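Each value in this text was obtained by applying a stated rule to the coordinates, not by laboratory testing. Computed from a prediction, not measured in an experiment: that's the story for all the values here. For neighbour counting, all protein chains shown are included, and Cβ atoms are generated from backbone atoms with ideal geometry for every residue, glycine included.
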Amino acid sequence: MNQRKFLGLTTIEQIFRICLQLLTTFLISRLVAPEAFGWSAITSMLISGVTALTQISTEPLIISSDNLDNQTLNKIWSLGLILNLLAGSGLSLLAIFAFHDSNPRIVLIGSASSLIAWSYGAVSRALINKENGFKRLMQIGILSSFANLLSSFSLASVFHSGTFALVGGQFFAILVSTVLVLKSVSHSNHFMIPKMLDSALFNFFRNNILSTLSNFAARNTDTMMIILSLGILQLAFYDRAYALVYSAQIALSQTYSRVLLPKYSRSNTRINEIYFADLRNYAMVSVVMNSPFFLFPLFITRVLYGRHYESTAKLLPYLAIAGVLQSFSSLSGTVLLALRRADQQLRLAGISFVIYVASFVYVRIDHPSLLRFALANIFAAGMMVLVTTTFLNKREIGLQTLKHVESLLFPAAILFLFWMYLPRY
């Protein structure tokens with residue numbers, strides 16, 4: 001199966017998933033109060049944060065390695081399961097003893113359950129991807145999105161609890177996905193006490209855990225700052241704009257990563273020959289995909305969320321610019337993973353952490369508002385484009401800065417026109 005077919009199948013999956021997510025949002029936003037989306041945002045942040053602490057970069061390692069035996073796979077699986085069980089137990093105990101309000105309890109227990117369910121199928125997901133099982137991954141993605149839609153709508157209708165419906169929907173989607181991936185591979189997980197991993201694997205895991213944790217902190221500092229300075233309701237409005245833009249952006253990133261990571265891993269000596277075309281295509285797709293958020297933000301917001309979310313419409317075009325700017329630099333992480341350069345990935349994550357956290361903390365100190373947090377996203381994403389273009393790509397991938405700039409020139413020009421079109425609030 002060639003690269004175009006891979007890309008086509010994963011694109012179909014992500015389109016279906018986005019459509020189902022939008023339908024879920026359309027239905028749930030008319031059944032629950034806006035604050036429920038704020039609590040849902042905290043759930044997503046917790047899942048991402050604990051995953052950053054407990055994940056061991058299963059997928060990149062398995063895809064880029066040709067000599068992992070069953071014993072090593074079982075060690076990786078067991079270590080991930082142990083870490084997520086410990087993290088899930090900690091979140092559950094925190095829910096029971098630290099909170100009396102039902103909303104944070106639902107968030108914490110739901111996050112714990114989702115983490116454990118996700119970790120159980122982590123190795124199987126990576127093996128399907130390594131074997132180019134994109135058609136099966138497409139089917140699993142679509143079915144898990146259906147599970148999210150049906151369970152969220154059912155829970156909201158029966159229990160009349162927005163937080164419970166949104167968190168429960170996330171859990172059931174992950175559970176369905178895990179069951180399906182376990183049924184799709186011949187490898188059988190067996191628990192082993194992971195006494196020792198060789199030093200290369202250990203260093204790979206350590207650097208990737210630290211880099212993922214740094215990226216998590218960088219990307220979620222705005223959520224924490226908004227909670228502290230503006231409250232849960234304002235976080236709900238911001239999260240709706242952020243989720244709308246970045247669900248599409250993350251889907252695009254996952255689509256390209258699934259295809260390009262195996263491709264780069266198999267031909268790492270030719271990465272500098274094929275990287276520019278992939279980067280140009282990726283950036284242009286990102287511009288086209290985000291163009292509705294520049295042109296029709298109010299219409300999109302009213303259709304999806306209703307008239308109570310018009311504050312969200314003001315943020316959409318600004319966050320869309322930040323999303324496109326992120327696409328200009330995000331493929332460098334895929335290349336570094338393919339080259340097994342976790343040390344340089346950690347360096348990149350550290351720079352990203354400093355830039356994003358400094359930007360959001362500055363806004364928190366100096367007249368915080370939702371629009372200023374969106375502008376801080378643009379500033380930080382733009383700075384990361386400069387970093388990856390002038391430093392890491394040139395040094396580690398062997399790319400010339402001028403050629404890199406040329407590959408982004410046309411999408412950057414379109415993005416500049418969109419920026420000039422934006423209203424100034």
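Here are some notes:
- Approximate spin-label separation SER291-SER188, in nm, with each point projected 7 Å along Cα-to-Cβ: 5.3 nm
- Mean Cβ neighbour count within 10 Å, used as a protection proxy, ranking 313-325, 15-27 highest first: 313-325, 15-27
- Multiplying the residue separation of GLU131 and LEU86 by 0.36 nm and subtracting their alpha-carbon distance yields 13.1 nm.
- Potential extension, ALA413-ARG30 segment - 0.36 nm per residue separation minus Cα distance: 134.0 nm
- Overall form of region 119-160: oblate. Here a/c, set by the Cα gyration tensor axes a ≥ b ≥ c, is 1.5 or more, and a/b is not larger than b/c.
- FRET E, pair LEU304, ASP69, Förster distance 35 Å, beta-carbon r, rounded to 0.05: 0.15
- Between PHE159 and LEU93, the modelled labels are 2.4 nm apart [label points 7 Å from Cα along Cα→Cβ].
- Local net charge near LEU233, Cβ-Cβ under 12 Å (Lys/Arg +1, Asp/Glu -1): -1
- Shape of region 88-166, Cα gyration tensor, a/c cut at 1.5: oblate
- Using the average count of surrounding beta-carbon atoms within 10 Å as a protection proxy, the listed peptides 405-412, 123-130 rank, highest first, as 123-130, 405-412.
- The Cβ shell under 12 Å around PHE360 holds other residues with a net charge of +1, Lys and Arg each +1, Asp and Glu each -1.
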